[in-house]
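A.B. asks: My structure is below; once you've seen it, I'll send some questions.
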Amino acid sequence: MSEIVFQISEDDTDGGFIARALGHSIVTEADTWEELRANVREAVLCHFDEGKAPAVIRLHRVSVRS
């Protein structure tokens, strides 16, 4: 696998962001966008065996307006 995609949404209750990997059971959250990017990288490295992590991590921000 060369790529993994995360769907990013804003946390309605506490603020900040929630990232969920598409096709994998990886979820992380953070208060800021910079912190979220770092948390996603760390979560991906922890989820996959050494040398098996995807080379590309994409963040897809989803905004729901009412």
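None of the figures in this text is laboratory data; all of them are computed from the coordinates on show. Keep in mind it's a predicted model, so treat the numbers as computed, not measured. Neighbour counts are summed over all protein chains in view; Cβ atoms, including those assigned to glycine, are modelled from backbone coordinates with ideal geometry.
A.B. asks: Grab the DSSP H runs of the chain that are 4 residues or longer, score each as -39,500 (n - 2.57), total them, divide by all residues and round the 222 nm result to the nearest 500 deg cm²/dmol.
C.D. replies: Numbers: 1 runs with 15 residues, N = 66.
The helix contribution divided over the chain gives -7500 deg cm²/dmol.
A.B. asks: Next question, about the same structure. About the Cα centre of the range 3-61, what is the dipole size in debye to 20, counting +1 per Lys and Arg Cβ and -1 per Asp and Glu Cβ, all else neutral?
C.D. replies: Values: 6 positive and 12 negative charges, 75 e Å.
Once rounded to the nearest 20, the dipole reads 360 debye.
A.B. asks: Relative contact order for the chain: what is it in percent, counting Cα pairs under 8 Å that are at least 6 residues apart? Write out the running numbers ahead of the final one.
C.D. replies: Working: 101 pairs, mean separation 26.7, N = 66.
The normalised contact order for the chain reaches 40 percent.
A.B. asks: Turning to a different aspect of this structure: Taking the Cα atoms only, what angle lies between the long axis of helix 33-47 and the longest principal axis of the chain, rounded to 10 degrees?
C.D. replies: 40 degrees
A.B. asks: Please report, largest first and rounded to whole Å, the three semi-axes of the ellipsoid equivalent to the chain, where each semi-axis is the square root of five times an eigenvalue of the C-alpha gyration tensor.
C.D. replies: Working: eigenvalues 99, 30, 16 Å².
Over the Cα atoms of the chain, the ellipsoid semi-axes are 22, 12, 9 Å.
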